[in-house]
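Below is one structure, written out as C-alpha cells; comments come after it.
The values are calculated or read from the model by the stated rules, or taken from the named source; none is laboratory data. Just so it is clear, the structure is predicted and the values come from calculations on it, not from any experiment. Cβ sites come from the backbone with ideal geometry, for glycine too, and all protein chains shown count toward neighbours. In case anyone asks, the SASA skips ligands and DNA or RNA and just uses the protein heavy atoms, side chains included. Shrake-Rupley method; radii C 1.70, N 1.55, O 1.52, S 1.80 Å.
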Amino acid sequence: MTRAGSLRPRLITLSCAILFAISAGGCTQLANPSAPQSTVFPGSDWGRMIQDLYGLIFWMAVVVFVGVEGFLLYTVIRFRRRREGEAVSQTHGNTLLEVAWTVVPSIVLLMIAVPTISTIFIGDMPPPVTTNPVRVTVIGHQWWWEFRYPDLGVVTANELHLPAGRTATIEVTSADVIHSFWVPKMGGKVDAIPTRINTMWFTPDAAAVGEHFGQCAEFCGLQHANMRMRLFVDTAANFDAWVQQQRAPASAAAAGDAQQGAELFQRSACITCHTIKGTNAQGTIGPDLTHVGSRTTIAAGMIDNTPENLAHWIRDPQGVKVGNKMVLPQVSESDARLFAAYLQSLR
Amino acid sequence: MSAHQPEHAHPGAQQYITIAAILTFITLVEVSVYYIAALRPVLLPVLVVLSAGKFALVVMYYMHLKFDNRLFSGMFLFGLATALFTAIAFIFLFHLLQPRFVT
Amino acid sequence: MQQVASAPPAHPPTHVEEPSTGLNNRKVLMWAFLGSDCMFFGALIVSYLVYRGRWQGHPVPTDVFDIPYTSVSAFALLMSSLAMVLALAAIQRGDIRRLKIWLLTTAGLGLVFIGGQIFEFTTFGHEGLTLGGNTGGTTFFVLTGFHGAHVSLGIAWLLSLFVQAVRGQMAQARSLDVEIAGLYWHFVDIVWIIIFTVVYLIPI
Amino acid sequence: MATATARAAPRAGILARPVAPMGIWSWLTTIDHKRIGILYELTAFIFFLIGGLEALLMRSQLVQPDNTLLGPGQYNALFTMHGTTMIFLVVMPLSAAFFNYIVPLQIGARDVAFPRLNAFSYWVFLSGGVLMNLGFLIGAVPDMGWFAYSPLTSSQFSPSVGVDFWVVGLQVLGVASLAAAFNFLVTIIQMRAPGLSFMRMPLFTWTTFVTSILIVLAFPVIAVALIELMFDRLFGSTFFNVTPAAAGAAAAGGDPILWQHLFWVFAHPEVYILILPAMGIVSEVVPVFSRKPLFGYPFMVYAVVSIAFLSFTVWAHHMFTTGLSAIAMSFFAASTMLIAVPTGIKIFNWISTLYGGSIALKAPAMFALGFIAMFTIGGLSGVMHASPPVDTQQQDTYFVVAHLHYVLFGGSIFALFAGIYYWWPKITGRLLGDGLGQLQFWLMFIGFNLTFGPMHFLGVDGMPRRVYTYSPGMGWELWNVVATIGAFVIGVSVLVFIFNAFKSLRTGERAGDDPWDGMTLEWTIPSPPPHYNFVEIPTVAGRNPLWLQKHPELAGRHVPGADPIATDTGHSGSEGSGAESHDGHHAVHVPDPSYWPLFAGAGIFVAGFGVLLSAGGNLSLLAVTGVGLFIVIVSIFGWSLEPVNEPVQA
C-alpha cells in the first residue's frame, strides 16, 4: 500500500497533464479560423450570443471531462489487480456522496440553463436594433436558394448580399422539401419548411465585410451536398450600389456573341423556367437570371461563374450536378458559348 | 404483492347493470348538451368530464381495475399517462404555442 | 424419437413454476398490451387533433357528421361491454348456457357497430369526405378505421370463444380466457368513448 | 431413456410436433430462449458486418474532396441503410440476444414467459431485416435518411419503392420488437425465482425491464407514423403531403412537422432503448472485475427508471431548428439537461465501484472501461446540444455525428462487446482469447477515437452531415483522412474478433461454470447451460447471491444467516445429469419446439412483401398481403390450439 501511496500524486499529475494536453489540443483545433464555414468565429450580434453560450458550456464540459476521465484513469491505474484473490472492502454505497453527485450536476446544469433560456427568448423576440432593417425572404428549392428582398424589389439566387451594421430579418420557407438556411458566421441554422415561415435576425459586424460560406443543413435529397450559398456582407455604400444594380431590368445585350446568345435564349426552352426581367423569360421554376453575370458562382455555389464553366453547365447540367431539375435538349458547343456570353453580360 | 385475487371479488351482475344504467344516462346527457346552444361555451369541459367519467367507470368496474391487482392499474395507467402527456404536448405545440417573432 | 441426452426425465409436465406475483402470465401480457395500445390510439387521435381547425376545403368531417346516428352505434358498443361482463360473470358461475348467450350478444352488438361504421363511411364518401380529400378526411378515416379493425378482431375472438363453448370446450376453469378477451373488448369500447367525444361531439 | 419417454404421436395440434433434437429443423422450430438468443446474436452480427461495410464505403468516399468513388444516390442510400441497420438490425437485436440468453438465467427461470412468442419475435425480426435490405437486390434502396423526414418521403419527391422497403421493413421490425418487449416484461414480472424481489434484481435485468417498457410505449407511435406514411404513399391520404395531388387542386394541407414530432416521440426513447441495455451490461461487468458489489445499487435503479420517464419528455430537442416557440424550446432544453443528472449518477457510481476494488483488466473489463470513458464524452457533447441556440450551430453537422457515435458506438457497441466477452464462456463453454481480446480492444478504441474524435472538429468547422462530397479549401481535408483511416482500423479490430471467436470455438480454453468469479445466478449453472437451465429453481436471499455464497466473509452488511442461494443442486457442474438423479416429483417444465412461430413469421414476411409489390401502383397485389395475413391467422390458431407441451405417453 505504501508503494501505491507514493505513486498516487505522480499518477494524478500525469493523468491530468495528459487530459489537459488532449483537451487543449482539441481546443486549438476547434478554433480553425481558416475553415470558411467555421461555427466559432461569429461575425454578427446573434452569432456572438450563441458563441458566448457555447464557450460557457464548452469550458464547463472541459472541466467535467478532465475531472471525470482523470478520476477514472487514476482509479483504474491505482486499483488495478496486482495479485489474484485480493480481498477488497465491500462498499455498497454512500448516500451522502450520491446525493452530492445528484445535486452538484443539477447546479451546474442550472448555470447552463439560465443563460440558455434567456438567449432563446432574445432570439425569439423582435431584433433589438430595428432602425432600417433589411428584410429577406429565403426560399429553399431542390437544390438552390432563392433570395427575395420584398422591400427593395430585388430577387436573386444563391448569393445573398447584406449591409454591415444593419439588422437583417430573415423569413425562411421552402418550395418543396425541408431545407435549412445556414451561414455559420452569422449564427445558427433555421429550417426551411414548406407551408411554414420561420424567422431569424442578425446584424452583420462591420468587421465581417466580405464573403462568407453557407449551405443547406437539412438533408433534402439527391444533391443536398451541392446546395450551397454565399453571403456577401457589404459596406453600406456598396450594398446600396448593389441594390440599384439588381433592381434594374436586364441590360440589353450590345452586340456580338452576347446579342446572338440573347436571341437564342428567347427562342429556347430556358424561358419556361427562368426569369430575366425586361424580356419574355418569366419562368419561376429555376433561379432568376436577370443579373446572373454579377454572381461569382453557378449551380448553387458549386462552380465558379466563368464563361467556360457556364458553357459546360449549359451543355451538360446533369453531368455537372446529376439530378438537378435542369433538363435540356442537347445544346451545341457553339450555342452554349453564345448562351454563356449572353448570361455573362447580365451584370 | 398480494396473491390471487379471489374471483368472487368481482362485482355481480346486479352491479354491472347499475353501471350500464349510469353509462347510458351519461351518454344521454352528452348528446343532449351537444344540442343545447346555451351550453356551447362550456361544452368542451363538460364533455371532457363526462367522457372521462364513462371511461373510468368501464375501466374500474367492467375491467375490474378497482378490485384487481395494483400491478395491472400501474401498467395501464402508465401507458395512459404517457399517451395523455404526449397528446397534451402536441396540442400545445400545434395549437397554443406560436413563435412570437413573426414579421 | 430420440431425446437429447441431457434432457430431464419426462414426468407428466404439469408442474408449472409458480409466477413471482401470483398473477396469470397472459393477463399481465394483456394489460401490458393495453398500456401500449394507449400510445397507439393516442398517436392516431392526436394526428386528428393536430389538424382539427386547419382543414382546407369542404366537406370536412364536421360537415357530414350525423350525431344521432353515431350516438346509437356508440351506444350499441357501450352496451356490448355490459354483455361482455355478464358473459364473464356467467362463466365464473359455471353457467355455460348464459355464457353462450352473452358472448353472442356481445359479438352481435359489435357487428351492429361495425355495420353502422360501414354505412357511415359509405354515406360520408357519397357526401364527398374522402381519404385523400383533405386532412380532415385523412385523419378521420384512418383513426376510426383502425378502431374498426380492432373491433373486428375482437368480434372474431369472441366468436371463436363462442364456438368453443358450443363445442363444449368451455368450463368454469377457463373463465380467464373470457376475462382476457373481455379486457380487450372493454378497451376497444373505452377508446370509442374517447373518439366519440373528441372527434364527434367537441366543436372546433 | 429414449423408450420410456417417447412422445405421443402428435394429436392436439394441426401439425405434427417437430421433434428433431439437432440439425437445421431443431433450430428453425426451437423455442428455447438460449437458442433464440444465439440466433439473434448471429443474425445481428451479420448485419453488423453489412452496416460496417456501408460505413467503410462512406468513409472511402469522403477521404478526399470531390471524390467520385460513389455517386450521390449511392451515398445517400448507404447512410440511410447504415443508420437503419445499426439501430434496428444490430444494436437492438444484439441487446435482445442478451435479453434472451441471460435474463432468464439471471432471474432463475427455465425459459421466458411465452417461449413461442419469443421464437415468433426472432422470425419476424429476420423477416423485417430481410425486407429492409431487399432493396439492394432490385436497386431500390431507401435513400431518404433513417429519419425519413416528410415531405421528402412523399411519392412526389421519392417515387422509388426504396422508401416503401424502409416503411414496410421497419413496421415488421416494430412487430418483432413489441412482441419481444411484451415477453420480457411479463417474464421479469412473473418468472423471477423465489426471493428475487425487484430490488434484488441484477442491473442488466433491470435495464431489460425498463427497455421493454420503453419499447412497449414508443413503438406504437412509430407504428402509427409509418401507417400514416404508408397511407400517404399508397392510398393518397394527406397526413404529411404538402403539395396537391393534382395541379390546380387545393393544397393538401398536410404538415410535415407532424411526422417529425411523431418520429421523435418514438426515436428519442429509442435512443435509450439502445443505450440502457449497454448500461446494464457495464453494471454487471464492472463489479465482477473489480470484486466489489455495484456502488449505490438503489441510485442506479432509480437512475435507470428516471431516464426512462424523462426520455418521453425530451423528443423535440431534435427539432430546435424547426421554429418551435420559445416556451417549447425552453421546456425541451430543460428536460434534456435534466436527463444528464441520472446519467451522471450512473457514471459516478461505476467509477466508485471501481474505486478501492481489485480491477482485473481482462477484455470484458477493458470494453466496459472504454464504455465509461467514451460515453462520458458523448454525454458532455449531448449537454451542448441541449442548449437550443448552441444546437442551431451544431444540428446536422459532423459534431452531432461525433456525439451520437460516442454514445452509440463508444457506448452501446463497446458495452455489447464487453457483454460478448463476458458471457461468451457461459454461452459456448469456452473462453475467448484474452490476448486477442486486448488487441481487439485497443484497435477498436484507437480506431474509434481516430474516426469520431476528429468529427467534432469537422462539425465545429462547419461540415454538414449527409453530404456525399465537399469542395477543397473548406478546411476539412485533414480530419476526413484521419477519420477514414480510423474507420479501417475499426474494421481490422472486427476481423480480430471474428478470428478470436472461431479460434475459441475450436480450441478455446474450457470455461467451467464460473470463469470470472461472478456474482449472479447465471454463473451457478454449467457452461453452456442445460436446456432446462436450473435443475431446481433457486431461492434467492439477497443481491449478488452467488457472490455472497462464495464469499460469505465479504458479506458486509448482508443479512446474516440466510443462505444466498437455497438449492441443493444448483451448482452441480456436470453435464446436466443432475436432473436425472433427482427424485421424481420435480419434473422440469421445458416447452416443446413448435413450427407455428416460424410459420407466423413467414406469414408476416409474405404480408409485408405484398405491400411492397403493390407499392408499384398495382393495389390488387395487396391480395398477397391477404395471403400473408391468412398464414398468420392460421398460425395463431394452430399456435393457440397447440398445448405448450405434448402429453407424454405413459
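In the set (1) part of a loop (DSSP other than H, G, I, E, B); (2) open to solvent by 20 Å² or more (accessible area, probe 1.4 Å); (3) under 22 Å from D:LEU185 (Cα atoms), the condition left unmet by B:LEU65 is number (2).
Check the stretch D:212-234 and report whether any residue there is without any contact (Cβ under 8 Å) to a residue 12 or more places away in the chain and part of a loop (DSSP other than H, G, I, E, B). No - not one qualifying residue is present in the stretch D:212-234.
Which of (1) closer than 23 Å to D:LEU310 by Cα; (2) outside any helix (DSSP H, G or I) does B:PHE90 not meet, given it meets every other one? Among (1) closer than 23 Å to D:LEU310 by Cα; (2) outside any helix (DSSP H, G or I), the lone unmet condition for B:PHE90 is (2). Quick check on A:ASP151: is it without any contact (Cβ under 8 Å) to a residue 24 or more places away in the chain and open to solvent by less than 50 Å² (accessible area, probe 1.4 Å)? In short, no.
In the set B:LEU39, B:LEU28, only one residue is open to solvent by 40 Å² or more (accessible area, probe 1.4 Å), in a helix (DSSP H, G or I) and more than 10 Å from chain C (Cβ to nearest Cβ); that residue is B:LEU39. Of all residues in the stretch A:203-237, those being of a type in the set (Phe, Trp, Tyr), out of contact with any Pro (no Cβ under 8 Å at 6 or more places or on another chain) and over 25 Å from D:LEU78 (Cβ atoms) number 1. Of the listed requirements (1) without any contact (Cβ under 8 Å) to a residue 40 or more places away in the chain; (2) surrounded by 24 or more Cβ atoms within 10 Å (Cβ to Cβ); (3) within 7 Å of chain D (Cβ to nearest Cβ), A:GLU218 misses just one: (1). Within the stretch D:323-342, being touching a Phe, Trp or Tyr at 6+ places or on another chain (Cβ under 8 Å) and within 26 Å of A:PRO194 (Cβ to Cβ) holds for D:LEU324, D:ALA326, D:ALA328, D:MET329, D:PHE332.
For the condition touching a residue at least 60 places away in the same chain (Cβ under 8 Å), open to solvent by 40 Å² or more (accessible area, probe 1.4 Å) and part of a loop (DSSP other than H, G, I, E, B), A:VAL327 does not qualify.
For the residues D:VAL390, D:VAL383, the requirement of being open to solvent by 20 Å² or more (accessible area, probe 1.4 Å) and closer than 30 Å to D:ILE327 by Cα singles out D:VAL383.
The criterion of at least 2 residues that are under 25 Å from the mean Cα position of the chain (by Cα), facing another protein chain (nearest Cβ under 7 Å) and within 26 Å of A:TYR54 (Cα to Cα) is met, among helices (runs of 4 or more DSSP H) falling completely within the stretch D:337-396, by D:340-354, D:363-386. Checking each residue in the stretch D:180-192 for being among the aliphatic types (A, V, I, L, M) and either open to solvent by 10 Å² or more (accessible area, probe 1.4 Å) or without any contact (Cβ under 8 Å) to a residue 60 or more places away in the chain (or both) picks out D:ALA180, D:ALA181, D:LEU185, D:ILE189, D:MET191.
Is at least one residue of the stretch A:232-241 more than 22 Å from A:GLN142 (Cα to Cα), open to solvent by less than 10 Å² (accessible area, probe 1.4 Å) and either assigned to a helix (DSSP H, G or I) or not assigned by TED's automatic domain parsing to the domain that holds A:ALA206 (or both)? Yes, the stretch A:232-241 contains at least one residue that is more than 22 Å from A:GLN142 (Cα to Cα), open to solvent by less than 10 Å² (accessible area, probe 1.4 Å) and either assigned to a helix (DSSP H, G or I) or not assigned by TED's automatic domain parsing to the domain that holds A:ALA206 (or both). When A:THR156, A:THR116, A:THR131 are checked against the criterion of being of a type outside the set (Gly, Ala, Ser) and in a strand (DSSP E or B), a single residue qualifies: A:THR156. Scanning the stretch C:156-167 for residues that are open to solvent by 10 Å² or more (accessible area, probe 1.4 Å) and either in contact (Cβ under 8 Å) with a residue 12 or more places away in the chain or at the interface with chain B (Cβ under 10 Å from one of its Cβ atoms) (or both) yields a count of 4. Given the options B:LEU80, B:LEU44, B:LEU57, name the one that is assigned to a helix (DSSP H, G or I) and more than 9 Å from chain C (Cβ to nearest Cβ). The unique qualifying residue is B:LEU57. Tally up the residues in the stretch C:47-72 that are assigned to a helix (DSSP H, G or I) and either more than 22 Å from D:PRO256 (Cα to Cα) or open to solvent by less than 10 Å² (accessible area, probe 1.4 Å) (or both), please. Total satisfying the criteria: 14. Being open to solvent by less than 30 Å² (accessible area, probe 1.4 Å), under 30 Å from A:VAL320 (Cα atoms), more than 12 Å from chain A (Cβ to nearest Cβ) and polar (S, T, N, Q) holds for only one residue in D:THR451, D:THR469, D:THR484, and it is D:THR484.
Within the stretch D:319-335, does at least one residue satisfy the condition of being part of a helix (DSSP H, G or I) and closer than 20 Å to A:VAL66 by Cα? Scanning the stretch D:319-335 turns up no residue that is part of a helix (DSSP H, G or I) and closer than 20 Å to A:VAL66 by Cα. Of the residues D:PRO104, D:PRO93, D:PRO159, which is assigned to a loop (DSSP other than H, G, I, E, B) and of a type outside the set (A, V, I, L, M)? Among D:PRO104, D:PRO93, D:PRO159, only D:PRO159 is assigned to a loop (DSSP other than H, G, I, E, B) and of a type outside the set (A, V, I, L, M).
All of (1) facing chain C (nearest Cβ under 9 Å); (2) buried (at least 16 other Cβ atoms within 10 Å of the Cβ); (3) more than 30 Å from A:PRO127 (Cα to Cα); (4) of a type outside the set (Asp, Glu) hold for B:ILE17 with one exception: (2).
Filtering the stretch C:1-20 down to residues that are at pLDDT 50 or above and surrounded by fewer than 19 Cβ atoms within 10 Å (Cβ to Cβ), which residue is nearest to D:SER212 (Cα to Cα)? The extreme case among them is C:PRO19.
Of the residues making up the stretch D:435-447, at least one is over 30 Å from D:ASP517 (Cβ atoms), away from every other protein chain (no Cβ under 14 Å) and surrounded by fewer than 24 Cβ atoms within 10 Å (Cβ to Cβ). The set of residues in the stretch D:128-156 that are open to solvent by less than 10 Å² (accessible area, probe 1.4 Å) and in a helix (DSSP H, G or I) comprises D:GLY128, D:GLY129, D:LEU131, D:MET132, D:GLY135.
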